[in-house]
Amino acid sequence: MKTAGIFSFKGASLIALLATSAISALGFLWPFLISEKQGHPQWIFLLATPCALLLLMISASNKELDSKSIALLAVLSALIAALRPMGTGAVGIEPMWFVLILAARVFGASFGFLLGTISMFLSALLTGGLGPWVAYQSFAAGWIGLGVALIPKGLRGKSEVFALALYGVAAAGFFGIAMDLQFWPWTLGSDTQLSYVAGAALSTNFSHFISYHFLSAMAWDIPRAIFTASLIVMTAKPVLHTLRRAHTRAAFMTPIEFIERVKA
């Protein structure tokens, strides 16, 4: 028996997803939105994103997930959290994205969003890397899981693997840009040619950020993209087959029925 979907955002949870994603997006993009010096409003966005993540997880937890779905989410989250530090973050080598992307492909984009946010948060707990940045990382990973919905469902075989690998490259670049957006206003101070300038024109700050990103992150984003795409190409066929078999045989979200057998 195959289930149509393990989890999907709809109704109140969909509204929560859209609202909290919008808040988190503002947390990434505020350097381009504040045109005047307004008493350090960036602190509002810095604190708003963790609050948005908390609200979203509370909302999602109210949806019905059966024991098998929760167990699957826990196992995959633990696997991704364990894989992430294996590369020690060196030059962007993070062997976690291929599992997230392939799992989201099989179990759906909504499940991929939950898997991305939970696994990133769990990884921070395991490595002791807790801080305000975890919420930004969690939303970025969740959006990567959600973005798998852009790949047509009907693709199979080599075309599917190619599309997934291409998405892995885009996801690696997106994560690098998102993390740079988070750190850029805080890390350079205010007296460099690439610094965020409070009150400056949008074009000025955008130019500074693009220069900062390409000068500092390409050594990370390109290896991450190559590594993620390579892992997807090498593992997609057996991993997708295994996950799809589990999706079919486990009958997620199907009520358990107990049948009484009468002895003759």
| note | Cβ pairs under 6 Å, 6+ apart or interchain, first in the stretch 227-246 and open to solvent by 30 Å² or more (accessible area, probe 1.4 Å), second not hydroxyl-bearing (Ser, Thr, Tyr) and not in a helix (DSSP H, G or I), ordered by first then second residue, are Phe227/Ile93
| remark: Subset of the stretch 158-169, residues open to solvent by 60 Å² or more (accessible area, probe 1.4 Å) and without any contact (Cβ under 8 Å) to a residue 40 or more places away in the chain, comes to Lys158, Phe162
| message | So, Ser110, is that one surrounded by 19 or more Cβ atoms within 10 Å (Cβ to Cβ), in contact with a helix residue (DSSP H, G or I) (Cβ under 9 Å, 6 or more places away or on another chain) and farther than 16 Å from His247 by Cβ or not? | response | no
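Okay, residues lined up against (1) under 16 Å from Val99 (Cβ atoms); (2) over 16 Å from the mean Cα position of the chain (by Cα); (3) hydrophobic (A, V, I, L, M, F, W, C):
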site: Ser123; (1), (2), (3): yes, no, no
site: Ala149; (1), (2), (3): no, no, yes
site: Gly154; (1), (2), (3): no, yes, no
site: Ala163; (1), (2), (3): no, yes, yes
site: Leu166; (1), (2), (3): no, yes, yes
site: Phe174; (1), (2), (3): no, no, yes
site: Met179; (1), (2), (3): no, no, yes
site: Phe183; (1), (2), (3): no, yes, yes
site: Trp186; (1), (2), (3): no, yes, yes
| said: What's the number of the only condition in (1) modelled with pLDDT of 80 or more; (2) exposed (fewer than 13 other Cβ atoms within 10 Å of the Cβ) that Phe209 fails to meet? | reply: (2)
| Name the residues in the stretch 126-144 that are more than 19 Å from Ala170 (Cα to Cα) and either touching a residue at least 24 places away in the same chain (Cβ under 8 Å) or open to solvent by less than 10 Å² (accessible area, probe 1.4 Å) (or both), would you? | Leu126, Thr127, Pro132, Trp133, Val134, Ala135
| query | Does Leu155 satisfy being surrounded by fewer than 17 Cβ atoms within 10 Å (Cβ to Cβ), part of a helix (DSSP H, G or I) and modelled with pLDDT under 90? | reply | no
| request: Kindly provide the set of residues from the stretch 115-125 that are open to solvent by 10 Å² or more (accessible area, probe 1.4 Å) and in contact with a Ser or Thr (Cβ under 9 Å, 6 or more places away or on another chain), ordered by number. | output: Ile118, Phe121, Leu122
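The values are calculated or read from the model by the stated rules, or taken from the named source; none is laboratory data. Quick caveat, the model's predicted, so the values are computed rather than measured. Here Cβ is always computed from backbone atoms with ideal geometry, including for glycine, and neighbour counts include all displayed protein chains. Accessible surface areas use protein heavy atoms only, side chains included; no ligands, DNA or RNA. Shrake-Rupley method; radii C 1.70, N 1.55, O 1.52, S 1.80 Å.
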